[in-house]
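Novice: Supplied in structure tokens, the structure appears directly below.
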Amino acid sequence: MTPNWGVTLPLSGIPLREHRTLVERLPDLGYGDVWTAEGGGTDAFTPLALTAAWSSSLRLATGIVPVFTRGPAVLAQTAATLAEAAPGRVLLGVGASVPAHVSDINGIPFEEPYKRTRDVVRFLVRAFRGEHVTGPFDTFEITGYGLPWTPVPPPKVLVGALRPGMLRLGFTEGDGAISNLLYASDVPKIVEAVGPQPPGKELVVKVFVCPSDDPVFVRPATRPFLAWILNRAPYKAFHEWLGHGDELAEAHARWERGDRRGAEDALPDRLVEELFVSGTPEECREKIRRFHHPAVTTIQLYVSLPPEVLADPASVLEVLRRLGPAAD
């Protein structure tokens, strides 16, 4: 199976208002999706609303929206409204996120992330079916809510998932799962944890890409982010489960001592290259292809572009072409 390809927007360094030409050209470059995320910067839905206005074919996907920072009904009505603008093209990826995006900047307790994610997924699935949802869940209680209309077809509900519990949740109660920050060689372990994959379910793998072979740009574009994210508790546990704990032990120790630069330096070169691929666009593309697996339905790219590329819209399009399926 050839996976679908998507790209995460907005691209850092390009104002959102200047993305229209890029969005309009993405299908010609072989991309079928626009993905967004929501942490401490751009919200997840505004870029997708613009994409819906600029393209009649691209799928619109969040990967992910935290289940703590928006109420269940707000998530349902936002995704349903987007689905009315773009019928059959909406994938709502939700997940626990990390305490830094939930508690530190929103003041919301990060408690029972698995149960909260499960409860929100159950609420969304029922709401999108047209049910009037009422009653207690483990992590919240709904007096009564129903969408004023039933989106047809309903948005797919995907779960941002790192370890077996969340992965299985995505496939047993939702429409699939999204995983990220893993080695290409880790994909079979993810697939094994998922178990049987019914037709129509999605397994999305997000790949971080820095299409440059200039170490002056690559290092600050990759290592600070990796040192930060890999020291968040969910990702630390994820990589221990994957078997990378020993590789990360020194970086974790330095981070705990408050030595952030030391933690960046302690990340093994191989690990950095696996988790945030870099090199020429052609070299990056070959590394991206290693994530292809019969069970993977979509490759989602997060692309960090060097300044000289960002300065020229034609260069941005050319790099995305060279990274993506149109280069075949």
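The values are calculated or read from the model by the stated rules, or taken from the named source; none is laboratory data. Computed from a predicted model, the values in this text were never measured in an experiment. So basically every Cβ, Gly included, is an ideal-geometry build from the backbone, and we count neighbours across all protein chains shown. In case anyone asks, the SASA skips ligands and DNA or RNA and just uses the protein heavy atoms, side chains included. Shrake-Rupley method; radii C 1.70, N 1.55, O 1.52, S 1.80 Å.
Novice: ³J(HN,Hα) across the range 33-42 via Karplus (A = 6.51, B = -1.76, C = 1.60, θ = phi - 60°), whole Hz, x for Gly/Pro?
Specialist: With the stated coefficients, the range 33-42 comes to 10, 10, 10, 9, 9, 9, x, x, x, 4 Hz.
Novice: Given a cut-off of under 8 Å on Cα pairs at least six residues apart, what relative contact order in percent is computed for the range 1-149?
Specialist: 17 percent
Novice: Looking at the range 1-52, I'd like the Rg to Rh ratio, where Rg is from alpha-carbon atoms and Rh is Kirkwood's inverse mean 1/r.
Specialist: 0.97
Novice: How many nm separate the modelled label positions at Val74 and Glu247, each set 7 Å beyond the Cα in the direction of the Cβ?
Specialist: 3.8 nm
Novice: Further question: Separation of the range 140-177 and the range 243-263 by C-alpha centroid, Å?
Specialist: Here the two parts' Cα centres lie 35 Å apart.
Novice: Moving to a separate point now. Taking 8 Å as the Cα distance limit and 6 or more residues as the minimum spacing, I'd like the relative contact order of the chain as a percentage.
Specialist: 20 percent
Novice: At a temperature of 10 °C and a viscosity of 1.306 mPa s, determine how fast the chain diffuses translationally according to Stokes-Einstein, using the Kirkwood radius over alpha-carbon pairs as Rh; express D in µm²/s, rounded to the nearest whole number.
Specialist: 78 µm²/s
Novice: Can you tell me the accessible area per residue over the range 138-188, all protein chains present, probe 1.4 angstrom, in square angstrom?
Specialist: 40 Å²
Novice: Another question, then. Of all trypsin sites (Lys or Arg not before Pro) in the range 223-325, which ones are in loop regions per DSSP and have a Cβ with at most 11 other Cβ atoms within 10 Å?
Specialist: Arg257
Novice: If you don't mind, there's one more thing I want to ask. Starting at the first residue of the range 151-161, write each ³J(HN,Hα) from the Karplus equation 6.51 cos²θ - 1.76 cosθ + 1.60 with θ = phi - 60°, in whole Hz, x for Gly and Pro.
Specialist: Whole-Hz 3J(HN,Hα) from phi for the range 151-161: x, 10, x, x, x, 6, 10, 10, 10, x, 9.
Novice: Moving on to the next point. Given points 7 Å out from each Cα along the Cα-Cβ axis, report the Ala100 to Asp213 separation in nanometres with one decimal.
Specialist: Output for this residue pair reads 3.1 nm.
Novice: Roughly speaking, what is the stretch gain from Lys115 to Glu240, that is 0.36 nm per residue apart minus the C-alpha to C-alpha distance, in nm to one decimal?
Specialist: 42.8 nm
Novice: Can you quote the Å³ per residue value for the convex hull of the Cα atoms in the range 200-326, rounded to an integer?
Specialist: Per residue, the Cα convex hull of the range 200-326 comes to 121 Å³.
Novice: Whole-Å semi-axes of the range 92-133's equivalent ellipsoid, largest first, each the root of 5 times a Cα gyration tensor eigenvalue?
Specialist: After diagonalising the Cα gyration tensor, the semi-axes are 24, 9, 9 Å.
Novice: Let me ask something else. Residues of the range 182-221 with the amide nitrogen closer than 17 Å to a label point 7 Å from the Cα of Asp312, along Cα-to-Cβ, please.
Specialist: The answer is 211-214.
Novice: First check a/c for the range 258-328, with a ≥ b ≥ c the square roots of the eigenvalues of its C-alpha gyration tensor; if it is under 1.5, answer rounded, and if not, answer prolate when a/b is larger than b/c or oblate otherwise.
Specialist: Oblate shape, in that a/c is at least 1.5 and b/c is the bigger or equal ratio.
Novice: What lysines does Lys287 reach when the alpha-carbon gap must be under 26 Å and sequence neighbours fewer than 8 apart in one chain are set aside?
Specialist: Lys189, Lys201, Lys206, Lys236
Novice: Which length gain, in nm to one decimal place, applies between Glu256 and Arg322 when the Cα-Cα distance is subtracted from 0.36 nm times their residue separation?
Specialist: 19.8 nm
Novice: Something else now. Order of 138-144, 154-160, 124-130 by packing, highest average Cβ count within 10 Å first?
Specialist: Packing order, densest peptide first, comes out as 154-160, 124-130, 138-144.
Novice: Tally up the carbon and sulfur contribution to the accessible surface of the chain as a whole percent, 1.4 Å probe, everything protein left in place.
Specialist: 51 percent
Novice: Turning to a different aspect of this structure: Over what distance in Å are the Cα centres of the range 1-34 and the range 266-328 separated?
Specialist: Between the Cα centres of the range 1-34 and the range 266-328 lies a distance of 13 Å.
Novice: Over all pairs of distinct alpha carbons, what does the Kirkwood formula give as the hydrodynamic radius of the range 71-227, in Å?
Specialist: 17.3 Å
Novice: By how many nm would the segment from Glu141 to Ile108 lengthen if fully extended, with 0.36 nm per residue of separation less the alpha-carbon distance?
Specialist: My answer for the length gained is 10.2 nm.
Novice: Next question. Based on the Cα coordinates of the range 1-99, what is the per residue volume of their convex hull in Å³?
Specialist: Expressed per residue, the convex hull around the Cα atoms of the range 1-99 is 111 Å³.
Novice: When the expected Rg is taken as 2.2 N^0.38 Å, what fraction or multiple of it is the alpha-carbon Rg of the range 160-215?
Specialist: That ratio works out to 1.29.
Novice: Please report the orientation-averaged projected area of the range 165-253, defined via the convex hull of its C-alpha atoms, in nm².
Specialist: Result: a mean projected hull area of 6.9 nm².
Novice: Starting from the amide H of Glu202, placed 1.01 Å from N in the peptide plane, find each other amide H under 5 Å away whose residue is 5 or more places distant or on another chain.
Specialist: Gly176, Ala177
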